[in-house]
């Protein structure tokens, strides 16, 4: 039983960003590469619920991807649909991940309690919703970074217990 290589996708949900100016996605890609993960895909979509759901389903169906990080669409705006799209795709929720992100984020900003981000599992892929701001995405990634390898190993039956 060895370590499974983290093979990630980064999905940015935003009505105002394009790939060329996606600062949050760029931050997440950099952090993934710094931990020796492979970034298999990077996608920018609108905040449309059906589009996010369709892309999440496609990414989580790809056997080359075992981690999907979303950025954006987790707040209170009527167009923030990422948690609903994620919930429609996942097979099992992982509430401890979202709880940890919110708990640590609350130390830095009271607006963290407005986050509706969730995390869960579909097949052998873990999906985690992160905030849309570069600072928020970075700080929240740092919260989950220590458990990512073990989570991916567990999902791919290569964890050492």
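In region 116-135, which residue that is free of Cβ contacts under 8 Å to residues at least 60 places away in the same chain and out of contact with any helix residue (DSSP H, G or I) (no Cβ under 6 Å at 6 or more places or on another chain) is nearest to residue 14 (Cα to Cα)?
135
Would you call residue 100 within 18 Å of residue 141 (Cα to Cα), surrounded by fewer than 23 Cβ atoms within 10 Å (Cβ to Cβ) and either touching a residue at least 12 places away in the same chain (Cβ under 8 Å) or within 14 Å of the chain's Cα centre (by Cα) (or both)?
The answer is yes for residue 100.
Looking at region 144-156, which of its residues are within 12 Å of the chain's Cα centre (by Cα) and surrounded by fewer than 18 Cβ atoms within 10 Å (Cβ to Cβ)?
145
Assess whether residue 4 counts as being outside any helix (DSSP H, G or I), within 30 Å of residue 158 (Cβ to Cβ), out of contact with any strand residue (DSSP E or B) (no Cβ under 9 Å at 6 or more places or on another chain) and in contact (Cβ under 8 Å) with a residue 40 or more places away in the chain.
It is true that residue 4 is outside any helix (DSSP H, G or I), within 30 Å of residue 158 (Cβ to Cβ), out of contact with any strand residue (DSSP E or B) (no Cβ under 9 Å at 6 or more places or on another chain) and in contact (Cβ under 8 Å) with a residue 40 or more places away in the chain.
Among the residues of region 32-60, write down those that are in contact with a strand residue (DSSP E or B) (Cβ under 8 Å, 6 or more places away or on another chain) and within 18 Å of residue 4 (Cβ to Cβ).
32, 33, 37, 38, 39, 40, 41, 59, 60
Residues checked against (1) surrounded by 21 or more Cβ atoms within 10 Å (Cβ to Cβ); (2) closer than 23 Å to residue 134 by Cβ:
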{"site": "40", "(1), (2)": "no, yes"}
{"site": "47", "(1), (2)": "no, yes"}
{"site": "52", "(1), (2)": "yes, yes"}
{"site": "57", "(1), (2)": "no, no"}
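Could you please let me know if residue 96 is in contact with a strand residue (DSSP E or B) (Cβ under 9 Å, 6 or more places away or on another chain), under 24 Å from residue 4 (Cβ atoms), modelled with pLDDT of 95 or more and assigned to a helix (DSSP H, G or I)?
Judged against the criteria, residue 96 is a match.
Starting from region 14-29, take each residue that is within 15 Å of residue 141 (Cβ to Cβ) and list its partners that are in a loop (DSSP other than H, G, I, E, B), counting only C-beta distances under 7 angstrom and pairs at least six apart or across chains.
24/72; 24/132; 24/133
The values are calculated or read from the model by the stated rules, or taken from the named source; none is laboratory data. Being a predicted model, the structure only gives us computed values, none of them experimental. With ideal geometry, Cβ positions are generated from the backbone for all residues, glycine too; neighbour counts draw on all protein chains shown.
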